[in-house]
Amino acid sequence: MDTIKIEKKNTLMVAHRGVSGLEKENTLAAFIAAGNRSYYGVETDVHRTADGKYVVIHDSDTARVSPLHVEIEKSAYDTIRGVMLNDIDGTCGRTDLRVPSLEEYIKVCKRYGKYCILELKGAHADEDITNIIGIINEQDYLDHVIFISFSLQNLINLRKQLPDQPAQWLTGDWKEEYKSYLVDNNLDLDIWYGSLTEETYAWLRSLGKKVNVWTCDDPAAAAKYVEMGVDYITSNILE
């Protein structure tokens with residue numbers, strides 16, 4: 001198994017939840033797979049546990065990715081760490097497939113020199129933002145982190161503490177009223193690839209906004225956006 005190589009020119013490739021086309025999403029195996037390849041960044045999702053720790057997993061529970069149903073925000077860190085995740089073939093037996101801590105994710109990205117594309121999942125209060133920044137600063141890696149979120153409030157809370165940190169607002173569609181979100185909060189855009197039009201792209205470029213498209217696994221569609229000149233393509237399998 002391997003990634004699908006594309007002619008990416010100046011576009012930077014981001015591994016979605018690690019190289020999740022090859023290894024189980026949001027595991028150290030998936031992050032290391034990205035580290036050993038030409039990706040610019042590694043995307044993941046951060047949640048707070050019931051006892052105030054931070055783990056990286058997409059959903060609010062483990063039901064989709066393991067045989068067990070453990071709710072992340074209602075469970076202790078040690079309970080979550082005890083869950084063994086399914087492999088990409090659906091079997092469960094690899095003891096290395098666990099829900100990583102935020103620290104572990106940062107350490108892997110730093111080891112391989114990859115940017116962290118860190119999605120703030122759910123609702124993160126100011127205290128959570130402070131704690132997440134603190135964990136990243138402990139690894140001396142804040143200058144290699146781009147924050148993303150579907151929650152505008154999360155990004156507004158981020159801006160209180162990091163007014164100039166690279167940050168992208170995530171959306172599946174595009175509406176005119178979204179323009180003020182980006183302008184008022186000094187945000188770039190991370191949009192579902194099927195929703196980005198030439199017109200929207202031209203407006204974003206006129207203001208110097210960076211553009212990330214997610215999650216594009218179609219080489220033909222990726223080629224279109226490479227020609228358009230987007231800054232980033234987030235993908236499960238394209239490299």
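The values are calculated or read from the model by the stated rules, or taken from the named source; none is laboratory data. Please read all numbers here as calculations on a predicted model, not as lab measurements. So basically every Cβ, Gly included, is an ideal-geometry build from the backbone, and we count neighbours across all protein chains shown. Surface accessibility is based on the protein's heavy atoms, side chains included, excluding ligands, DNA and RNA. Shrake-Rupley method; radii C 1.70, N 1.55, O 1.52, S 1.80 Å.
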> Out of Arg98, Arg159, which single residue is over 22 Å from Thr215 (Cβ atoms), surrounded by 16 or more Cβ atoms within 10 Å (Cβ to Cβ), in contact with a Lys or Arg (Cβ under 7 Å, 6 or more places away or on another chain) and modelled with pLDDT of 95 or more?
Replying inline: Arg98
>> Give all pairs with beta carbons closer than 7 Å in which a residue from segment 149-172 that is small (Gly, Ala, Ser) meets a residue that is part of a loop (DSSP other than H, G, I, E, B) and open to solvent by 40 Å² or more (accessible area, probe 1.4 Å); count only pairs at least 6 apart in sequence or on separate chains.
In response: Ser151/Ala123
> Name the strands (runs of 3 or more DSSP E) wholly within segment 5-67 that hold at least 3 residues that are under 19 Å from Ile237 (Cβ atoms) and open to solvent by less than 10 Å² (accessible area, probe 1.4 Å)?
Replying inline: 12-15, 41-48
> Of all residues in segment 215-232, which are free of Cβ contacts under 8 Å to residues at least 24 places away in the same chain and open to solvent by less than 30 Å² (accessible area, probe 1.4 Å)?
Replying inline: Cys216
> Which of the residues belonging to segment 192-214 are open to solvent by 30 Å² or more (accessible area, probe 1.4 Å) and not aliphatic (A, V, I, L, M)?
Replying inline: Trp192, Tyr193, Gly194, Thr197, Glu198, Glu199, Trp203, Arg205, Ser206, Gly208, Lys210, Trp214
> Could you count how many residues in segment 70-88 are under 23 Å from the mean Cα position of the chain (by Cα) and farther than 14 Å from Arg48 by Cα?
Replying inline: 6
>> Can you pull out every residue in segment 140-150 that is more than 15 Å from Asp188 (Cβ to Cβ) and surrounded by fewer than 17 Cβ atoms within 10 Å (Cβ to Cβ)?
In response: Asp140, Tyr141, Leu142, Asp143
> Does at least one position in segment 106-127 carry a residue that is more than 17 Å from Val19 (Cβ to Cβ), in contact with a Pro (Cβ under 8 Å, 6 or more places away or on another chain) and buried (at least 18 other Cβ atoms within 10 Å of the Cβ)?
Replying inline: no
